[in-house]
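Just so it is clear, none of the values below were taken in a lab; they were calculated from the coordinates. These numbers were taken from a predicted model, which means no experiment stands behind them. FYI the Cβ positions are ideal-geometry reconstructions off the backbone, even for glycines, and counts take in every protein chain you see.
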Amino acid sequence: MNKPAVHSRGSAASRMPARVEDSGKSLLTLDNAGPVQMGFWVPNRAWATSKYLVPLRNHVAAKKRSGALAPLHPAVAELKQWVGARGVYRMWVESMIDEANVFVHTLDAGTKEGIKDSDGDAVWIKDYDSLFEIISEIITTSPSFNNTAQVGTPMNGLLAVSMATRAGVALFHDGLFNLQLKKVLDALNAFLKSPASLDKLDIADPEKPGSWISKAAWAAGVWDQMEHDPAKPGYGFDSWNSFFIRRFIPGARPFKGDARRQVNIGCETTPWAYENDVALKSDFWVKDVNYSLVDLFGGREDIAKLFEGGQLYQGFLSATHYHRWQSPLDGTVERSWVQPGTYFAERPAQREGVGTWEGTESQPYLGHVAARAIFLFKHETCGYVALICMGMVEVSTCVIEPEYLVDGVLQSAPVKISRGVEIGHFEFGGSTHILVFQKDRVRLEEWASNAAKHQHDPKPTPLGSVIATAVGR
């Protein structure tokens, strides 16, 4: 099979070859998906369709036939009504279903056979009504553990095909639609903060399907050096989200190096990408992996100019990783804010070429368009350092600790901070983050400057590891 051309602009990130989806040995399956620590966000579309979506679709259909399917959740019913009352949005939703079903017919015969519904049709989603029924089921069900890349993000499994279609790209980039979709994600968030979401941390049945306290979850490292109490219901957590943002045991992640001349990593992540000589403005949406500082910082050119020509590191968080953020340095928080953005938007050029792995290759793009928390720090010897924490897909919430929210409105004066202090967290799923450094101020560690070579590291880089050292010091 001919692979799509890869255009190089000199950075390690832009030289990364596209991951190709086909019916051969490189196809991601339940058997070869690898450990959850792998540096991939979502599976290819064939995997998502045949291995994730079909059981969920069949589960909903069986409930419907037996009369046990609950009415649409009010938030989903509102979204369906809103879409149905607006011709353009109904056209986009109907079109992405049709386009996704066309994609299904390009798969190999064995996969198509596994995708067939009760009527014998090889489809992604049966129809418009089915889409909303499945969404409603997802937002009232706690995420399941599995030992693959598709873990903790069920709605992304549903939308892995549609978000890559032409209509899906248009729909999920639309500001008004995202405002409506956020209501659905807020409903999911509310459920995941409730005691009802603890069903898969059941100490009375630890090996139930999807259990986060099963032997398989333990083997995957979900509980390595994490606080928990196996004698208490829910391992001592009061909701799935409380479990998701669990803490390390005291002393598990010491901050290393010399705080006077070094910066640490404030998120525990698997390396993903690195770029030197970062542009102030760039076509971040095109086929190459580009970063654009003005867009990363939500149009705040005064902040973006501080980092023109500097270095950028990006790391990936699986749903099994530690999802709290800690200050990467001793210094001050000069600015911090939550930048609104999209939730399921995929890079428009991502669909070019032969079956690329949409979600993973879109990680750099998400830094420019996704909902994200942004911090601007100042260090005595390393200069300005920026931390950008992006939610991905249904990971719709980025929380900054109030005492470190320096938004220029409620709090304008810089706030002193020490490395290792908790400054915020993600909620509800896996994520990605970026660190940006000024030109000629620091030297990055090998695992960061060669991030693309470390995407398959079996474990993430530990929180508190040194990432940068002041030049000449």
### Query
Hey, what do the phi angles of region 450-463 turn into as Karplus ³J(HN,Hα) couplings, whole Hz, using 6.51/-1.76/1.60 and θ = phi - 60°, x for Gly and Pro?
10, 4, 4, 6, 10, 4, 9, 3, x, 9, x, 5, x, 3
#### Entry: Per-pair calculated FRET efficiency, R0 = 51 Å: Met226 and Val88 via Cβ, rounded to 0.05
0.65
## Note on the structure
For Ala70, placing the label point 7 angstrom along Cα-to-beta-carbon and taking region 125-144, residues whose amide nitrogen sits under 12 Å are 136-142
### Query
Could you work out Rg/(2.2 N^0.38 Å) for region 84-204, with Rg from alpha carbons only?
1.18
### Task
Figure the gain on full extension for Thr332 and Asp129 (residue separation times 0.36 nm, minus the Cα-Cα span) and round it to one decimal in nm.
68.0 nm
### Message
Full-extension gain between Asp238 and Lys459, please, as 0.36 nm times their residue separation minus the C-alpha to C-alpha distance.
### Response
76.8 nm
### Message
For His59, project a label point 7 Å along Cα to C-beta. Then give me every residue of region 176-216 with its amide nitrogen under 12 Å of that point.
### Response
200, 209-211
### Summary
Given a Förster distance of 35 Å, the FRET efficiency implied by the Cβ-Cβ spacing of Asp119 and Ala219, rounded to the nearest 0.05, works out to 0.30
### Task
Give me the distance in nm between label points sitting 7 Å out from Cα along the Cα-to-Cβ direction at Ser144 and Arg443, one decimal.
5.0 nm
### Label-point separation, Asp407 to Ala190 (7 Å along Cα→Cβ), nm
2.2 nm
### Task
Order by neighbour count: Tyr404, Tyr343, Tyr128, Tyr274, fewest other Cβ atoms within 10 Å first, most last.
Tyr128, Tyr404, Tyr274, Tyr343
#### Entry: Calculated FRET value between Lys183 and Arg247, using beta carbons and R₀ = 41 Å, to 0.05
0.85
### Task
Calculate the length of the line joining the C-alpha centroid of region 239-311 to that of region 432-457, in whole Å.
9 Å
